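I have placed the structure first, in the form of structure tokens, so that the comments after it can refer back to it.
The values are calculated or read from the model by the stated rules, or taken from the named source; none is laboratory data. Quick caveat, the model's predicted, so the values are computed rather than measured. Neighbour counts run over all protein chains shown; Cβ positions are idealised from the backbone, glycine included. When the accessible area is computed, the model is the full protein with side chains, heavy atoms only, and any ligands, DNA or RNA have been set aside. Shrake-Rupley method; radii C 1.70, N 1.55, O 1.52, S 1.80 Å.
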Amino acid sequence: MQQTENLAPHVQDIARALQNRMEPDAIEDELRRYLDYGVPLAQAKKDIVRMHGGTFVAGEKKLADVLPDERGIEITARVLTVNPKEITVKGQAKTIFYGLLADETAKVPYTAWKPFDNLQKGATVHVKNASAKKAFREADRIEINLGDYTTVTPSDARLEIKDEFPAPEAGGARVSAEHKLRDLREGQSSVTVVGRVLDLREKTISTANGQKTLVEGELADETGRAPFSAWEPEKLPAEMKQNSVVRVKGAYVRSFRGIPNLNFGQYATVEVLPDRTLPNAEELDKPKPFHLGELEAAGGGQGVMVEGVVLEVKKGSGLIFRCGAEGCNRVLQKMECRVHGKQKGQPDLRIKAVLDDGHGAATFFANREATEKLLGKTLAQCQEMARDAMTIDVVYDEIVPKLTARRVVLTGNASHDEYGLQILAGDLAFAPERDAEAEAEKLYGSIVEILQEVGPQ
Ligand SMILES: [Zn+2]
């Protein structure tokens, strides 16, 4: 009983993040199940929202990152203006207030649907539980609503508010911030990027309003790569093709299959830039080095290179059998598929292991090719080995000493889901040997320095 009461505010948080698309009872059941499994509360909340296609706004946002139709918004802003306005609601006269709020990133209009004592001209305020909508008649502008559930409290935060924000673009007053592709994060909006189109294709999907065609692809710059979806392909410039360099303004970022995905919606504009703006496709296609901490923060990435130490080779590495049912490919447990039951099974090789790079940890998967390369054995040879030993464990047992505690370089795609950060490694190689002696000397040197600094006691 006690626990039920404690969960209520968290259930509300989730409901808000899902824009009340899910019943509180169902949310509570699900939340309880996560907690029963020992998932920490904050993680459970985030996972549930993500699983149901919402965006969990944990903590504060900058005004430039607020999205239309977002709820439960928390911001710290300066009240630039407060103007009363008389309106009539159901025959009753009512006073509302409108004006402008600003932070370091943007200046946006607001409407307060009731009086707030702390909403004073020039005050810096902390606003919780506000909502946003598209501003009336102004594309790409949002308006903040302060309603019945909103709280406005004084804040002593010192905001650096500029007199002028960059010139409004496409009729909007929001700052469209230029980002490098590796800096894209779930939930960002009004994003400007410059990238080369590595890949471009049409895709038809079924929606509630019938068939819809969109354009999908991948953009790359010197820092990274990101998949994109253009939801209004008719608005793309005709000269935008594979290998074009484009500048996209007013895009937003959503995670799709665990990777930050750039979306061009109705407010986005795309222009083709001169080819020399960016290096050529071959150069941009090369995997970029990342830290696991960075990938964790980004929620994944494409074409990444990570170097770290293998902490543990997981069971389920080595010789495995996959479900043969069409489109399934799941790994069989005791020759049984979770969905399709008993199966004959297709033999395969893989590695599932934990990598740590000092900035974070990730589970990585390496495919048959990488496993064959590591073992110096083909799949057929591994099967023979297992037959002779009468257990598939022999393959696992051979991988463990070859990989455990070794420094490796992985290249592939990273994604983030309820199991944490995962890397699908297209390639696995041992890191170049470091000069151990030189490193030891360096370490010894700094110890001597420390000792000298501390001095004789
Ligand atoms: Zn199956």
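Structure data summary
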item	result
Cβ-Cβ FRET estimate between K315 and W231, R0 fixed at 41 Å, reported to 0.05	0.45
Protein accessible area in the range 63-154, 1.4 Å probe - carbon and sulfur %	50
Sparse-neighbour loop sites [trypsin sites (Lys or Arg not before Pro); the range 190-272; at most 15 other C-beta within 10 Å; DSSP]	K241, R257
Reciprocal mean inverse distance between Cα atoms of the chain - Kirkwood radius, Å	25.9
Cα radius of gyration and Dmax for the range 177-285 (Å)	13.1, 42
Rounded accessible area of M51 (nearest 10 Å², 1.4 Å probe)	100
Difference of contour (0.36 nm per residue) and Cα-Cα distance, K334 to R387	17.5 nm
Label-reachable residues, the range 249-275, where backbone N falls under 19 Å from a point 7 Å from Q19's Cα toward its Cβ	251-257, 261-268
FRET E, pair A380, L80, Förster distance 60 Å, beta-carbon r, rounded to 0.05	0.25
Spin-label model distance (nm) - D348 vs M305, 7 Å beyond Cα toward Cβ	2.7
Over 30 Å between alpha carbons, listed pairs K133/K249; K90/K134; K134/K288; K315/K377	K134/K288
Neighbour-limited loop hits for trypsin sites (Lys or Arg not before Pro), the range 328-396 (at most 11 other Cβ within 10 Å; DSSP other than H, G, I, E, B)	K334, R338, K344
Beta bridge orientation in the range 63-154: antiparallel %, DSSP, nearest 5	90
Low-density loop positions, GluC sites (Glu not before Pro), the range 332-408 - DSSP coil, at most 13 other Cβ in 10 Å	none
Cys residues of the chain counted as unpaired, since no other Cys beta-carbon is under 4.7 Å	C382
Taking the C-alpha atoms of the range 2-51, convex hull volume expressed per residue in Å³	66
Gain on full stretching of the segment that runs from K162 to R407 - 0.36 nm per residue minus C-alpha separation	83.4 nm
FRET efficiency estimate (nearest 0.05) - Cβ-Cβ, R185 to Q120, R0 25 angstrom	0.15
Heavy-atom surface of the range 68-140, accessible at 1.4 Å and reported per residue (Å²)	53
Segment K134-T153, length gained on full extension (0.36 nm per residue, minus Cα span)	4.4 nm
